[in-house]
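Asker: Take a look at this one; I'll ask things after.
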Amino acid sequence: MFRAMILAAGLGERMRPLTEHTPKPLLPAGDKPLIVWQIERLRAAGFTDLVINHAHLGMQIEGFLGDGAAHGVRIAYSDEGVPLETAGGIANAQGLLGDAPFLVTNGDVYAEYDYGRLRAVLTEMATNPEHLAHLVLVDNPPHHPSGDFVLRDGRVMDPARLESGAPRLTFSGIACYRPTLFAGVTPGAKAKLAPLLIAAMAEGRVSGERHAGRWEDVGTPARLAALDEELRQRDAA
């Protein structure tokens, strides 16, 4: 059984003042917190063993979600104290994630994505040590028009290694990883994810797909308010 990790350790600085007393994943959109939307979609796809890391006001997340039973899942927590960046947080939680490939997503975005699509990817990665990562990319949102990476023939590439003008997509934060990608990261140390991915891309070890459906990086109070209103109107219809 493959595990999924929800990243929830960010400070939510762009969401202030909302995040001064509430961790960003617990901010409501529609009738439930952002992180609950993610948990429900993971559970629907068969991912019921979850790991959640946290730092800023993290005990509120543990207090709200508990062991996950109320949402039909089992939750283990990785308390970082101080945010360790994405790769650092994943490496710090490796003891909870185990030795098999695992899914990672963010606890502070809204994504209408079928996580069940990634079960076949994880199965393939489990038998292919050369396949280190699989990224879900989305069209560039207005606040990030330059994008991140290039998707070509199912492979994700570093645009710095390609001809100028190669069309880029934005990394959604949804991905599958083999634990060996983080082998060089010391548990408890801060480490960014991008350098690890770019090194793996240079070796042709990162696959990807484009998600054309709804994905919202809820990065500001205004974007959260707009999403909240949209979801409430949809539920009332």
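The values are calculated or read from the model by the stated rules, or taken from the named source; none is laboratory data. What you see is a predicted model; the values in this text were computed from it and never measured. Virtual Cβ from ideal backbone geometry, glycine too; neighbours counted across all protein chains shown.
Asker: Please state which one of 69, 120, 111 is among the small types (Gly, Ala, Ser) and within 23 Å of residue 205 (Cα to Cα). If you could, list the steps in order and put the result at the bottom.
Answerer: Values: 69 fails: within 23 Å of residue 205 (Cα to Cα); 111 fails: within 23 Å of residue 205 (Cα to Cα).
Within the list 69, 120, 111, the selection yields 120.
Asker: Counting just the residues of segment 1-48 that are under 23 Å from residue 90 (Cβ atoms) and among the polar types (S, T, N, Q), which one comes out surrounded by the fewest Cβ atoms within 10 Å (Cβ to Cβ)?
Answerer: The qualifying residue surrounded by the fewest Cβ atoms within 10 Å (Cβ to Cβ) is 48.
Asker: Turning to a different aspect of this structure: Among the numbered conditions (1) under 30 Å from residue 227 (Cβ atoms); (2) at pLDDT 95 or above, tell me where residue 127 comes up short.
Answerer: (1)
Asker: Sort out which residues of segment 43-76 are under 22 Å from residue 13 (Cβ atoms) and aromatic (Phe, Trp, Tyr), and write them in order of number.
Answerer: 64
Asker: Oh, and also: Only residues that are crowded, with 18+ Cβ neighbours inside 10 Å, assigned to a helix (DSSP H, G or I) and small (Gly, Ala, Ser): list them for segment 55-78, please.
Answerer: Correct list: 58 only.
Asker: Checking the conditions here, which among 77, 110 is touching a strand residue (DSSP E or B) at 6+ places or on another chain (Cβ under 6 Å) and at pLDDT below 95?
Answerer: Result of the check over 77, 110: 110.
Asker: Could you grab me the full set of residues in segment 79-90 that are surrounded by fewer than 24 Cβ atoms within 10 Å (Cβ to Cβ) and either aromatic (Phe, Trp, Tyr) or more than 14 Å from residue 11 (Cα to Cα) (or both)?
Answerer: 87, the sole residue that qualifies.
Asker: Among the residues of segment 1-31, which ones are under 15 Å from the mean Cα position of the chain (by Cα) and of a type in the set (D, E, K, R)?
Answerer: Of everything in segment 1-31, those that are under 15 Å from the mean Cα position of the chain (by Cα) and of a type in the set (D, E, K, R) turn out to be 3, 24.
Asker: State yes or no: is residue 141 closer than 24 Å to residue 15 by Cβ and over 19 Å from the mean Cα position of the chain (by Cα)?
Answerer: Numbers: closer than 24 Å to residue 15 by Cβ: yes; over 19 Å from the mean Cα position of the chain (by Cα): no.
The answer is no for residue 141.
Asker: Would you check which residues across segment 185-233 are among the charged types (D, E, K, R), under 23 Å from residue 136 (Cβ atoms) and modelled with pLDDT under 95 and list them?
Answerer: 214, 216, 217, 223, 230
Asker: Can you pull out the residues in segment 135-194 that are aromatic (Phe, Trp, Tyr), touching a strand residue (DSSP E or B) at 6+ places or on another chain (Cβ under 9 Å) and in contact (Cβ under 8 Å) with a residue 60 or more places away in the chain?
Answerer: At the first step, the residues of segment 135-194 found to be aromatic (Phe, Trp, Tyr) are 149, 171, 177, 182.
Keeping just the survivors that are touching a strand residue (DSSP E or B) at 6+ places or on another chain (Cβ under 9 Å) gives 149, 171, 177.
Within segment 135-194, 177 is the sole residue that qualifies.
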